[in-house]
Structure formats: structure tokens, C-alpha cells
1. Among 93, 77, 48, which is without any contact (Cβ under 8 Å) to a residue 40 or more places away in the chain and out of contact with any Cys (no Cβ under 7 Å at 6 or more places or on another chain)?
2. Can you say whether residue 86 is charged (D, E, K, R), part of a helix (DSSP H, G or I) and over 22 Å from residue 30 (Cβ atoms), as far as the supplied structure shows?
3. Assess whether residue 65 counts as being crowded, with 19+ Cβ neighbours inside 10 Å, assigned to a helix (DSSP H, G or I) and within 19 Å of the chain's Cα centre (by Cα).
4. Taking residue 153, is it more than 13 Å from residue 89 (Cβ to Cβ), over 13 Å from the mean Cα position of the chain (by Cα), surrounded by 15 or more Cβ atoms within 10 Å (Cβ to Cβ) and not hydroxyl-bearing (Ser, Thr, Tyr)?
5. Just the residues that are out of contact with any helix residue (DSSP H, G or I) (no Cβ under 6 Å at 6 or more places or on another chain), within 14 Å of residue 61 (Cα to Cα) and not in a loop (DSSP other than H, G, I, E, B), please, taken from the stretch 114-142.
6. Might you check whether a residue that is crowded, with 17+ Cβ neighbours inside 10 Å and over 30 Å from residue 33 (Cβ atoms) occurs anywhere in the stretch 97-117?
7. Of the conditions (1) surrounded by 15 or more Cβ atoms within 10 Å (Cβ to Cβ); (2) free of Cβ contacts under 8 Å to residues at least 24 places away in the same chain, residue 36 fails just one. Which one is it?
8. Answer yes or no: is there a residue in the stretch 99-106 that is part of a helix (DSSP H, G or I), under 18 Å from residue 204 (Cβ atoms) and either among the aliphatic types (A, V, I, L, M) or in contact (Cβ under 8 Å) with a residue 40 or more places away in the chain (or both).
Amino acid sequence: MTRPEGAWREYGPLELTPILAAALEAFHEQGFHGTPVRDIARRVGQTVPALYYHHENKEGVFTALVDEATSDLAWRVRQAADEAGDRPERRLVNVVEAIVLHLAHRTRLAALDFELRHVSAESRKRYAARRKEIEVLVGRIVEDGVAEGVFVAKRPAETARALLGMLQSIGRWYHPDGGPLSPDELAERYVDIALMTVGVRERPGAGGSRARTA
């Protein structure tokens, strides 16, 4: 699918089926383990057998939501990186911004990450493969920055994993409706932290990233 430039920064309502929308609400309120299938069916006004016509079981509903979350993040990160050009510092800015915006705008989808321990190894494996793509991309950006002398990270692979772990933790505490920071403000702050982590003191200029607002 061809998307217009800057589409990775734009967020509208989630386009979920009624079953997935009801399940997302239930998982958010009760967690995966605490949500019975009959509760999802009740919320959407269907019987349990009717729900099973669309999804094999509760895990099937859950993994469909995880697939939605990971595919949404993946295309945004790829587009953000491509629009930044070849400079690793600009690519890092855009990729970090894309990840933070996703976590801030899609908080309920992002929170599913913490429920993966309840699903099968096969389901976790599919998720891990998509997540690895982003880890590899961030790792390559950090390695390129070190090779070009714009980053000073001594251990690029570990630095990339540390950055991703820091970003992932946002899903544990950020609430878009009750916090002091908007998604854009949150992204600004985490971009600064990411740049400082790799040894860049000033945000780069044009090349797909926003101008600094602070």
C-alpha cells in the first residue's frame, strides 16, 4: 500500500471488527487471563459459537489484535526511517518518534505486549519475528552512526536493545487522557533521550524530522 509522505505521524480511529474492538476493551479492563470468551461475545452481542466462527478461540482473538498492533507499528517505523534519508542521526530521530507515537496513540494495543506470557509459544514466536525486524533496523542505524562517527556508542547492538527497552516501558505508565504530556510532547522528550544515549547533543536539522520545539 502506498501511503502519503508523513502518514506515519497521522492517527485516526482504529479500524477493528466489532469482535476485536470488544475484545480489546475487555483485555484492557481485565487482562487476557481474566477475560472469558463469553464476556467478549456478550459485549459484541453475539453468542460464543458465533464468535468461534470468526476466531478459533480466545487466543485467536488476542493474536489478531497483536497482529494489528505489530503491523501498524512496522509500516510506520519503515516509512519514518525511509523519509529520514541516509543520515543515521535523522533516521534515529524519526524511528524513535514513530515508536513513541504508536505507543502513545495506540496505548491499548501496545499494552497487549505485557499479556503475551499467557499465549502459546507459537503465537509469541510470530510476534517476536515482527519485533526482531524493528530491533534489527534500530541496531543498523546505531551501527551506521558509530561507523560514520556521529554516534559514540561503544556497543551498538546493546545500545539499540536498551533504547527499545526504554521505549517499550512507555506502555506501562503512559495514559493519553490523564497525563501531562501529549503524544507529540512525549515523542520530543524521548527523541532527546535517545540522541543523548548515542552521544548526539543537538537534534539534526531537516531530513524528515520535525524541528525542535523546546
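1. Values: 93 fails: without any contact (Cβ under 8 Å) to a residue 40 or more places away in the chain; 77 fails: without any contact (Cβ under 8 Å) to a residue 40 or more places away in the chain.
When all the criteria are applied, what remains is 48.
2. On the way: charged (D, E, K, R): yes; part of a helix (DSSP H, G or I): no; over 22 Å from residue 30 (Cβ atoms): yes.
No; evaluated as a whole, the condition is false for this residue.
3. Against the criterion (crowded, with 19+ Cβ neighbours inside 10 Å, assigned to a helix (DSSP H, G or I) and within 19 Å of the chain's Cα centre (by Cα)), residue 65 qualifies.
4. So residue 153 fails the test.
5. Answer for the stretch 114-142, where residues must be out of contact with any helix residue (DSSP H, G or I) (no Cβ under 6 Å at 6 or more places or on another chain), within 14 Å of residue 61 (Cα to Cα) and not in a loop (DSSP other than H, G, I, E, B): 115, 118.
6. The answer is yes, given that some residue of the stretch 97-117 is crowded, with 17+ Cβ neighbours inside 10 Å and over 30 Å from residue 33 (Cβ atoms).
7. All conditions are met except number (1).
8. yes
No lab work stands behind these numbers, since they all come straight from the coordinates. Note that this is a predicted model, so its numbers are computed, not measured. So basically every Cβ, Gly included, is an ideal-geometry build from the backbone, and we count neighbours across all protein chains shown.
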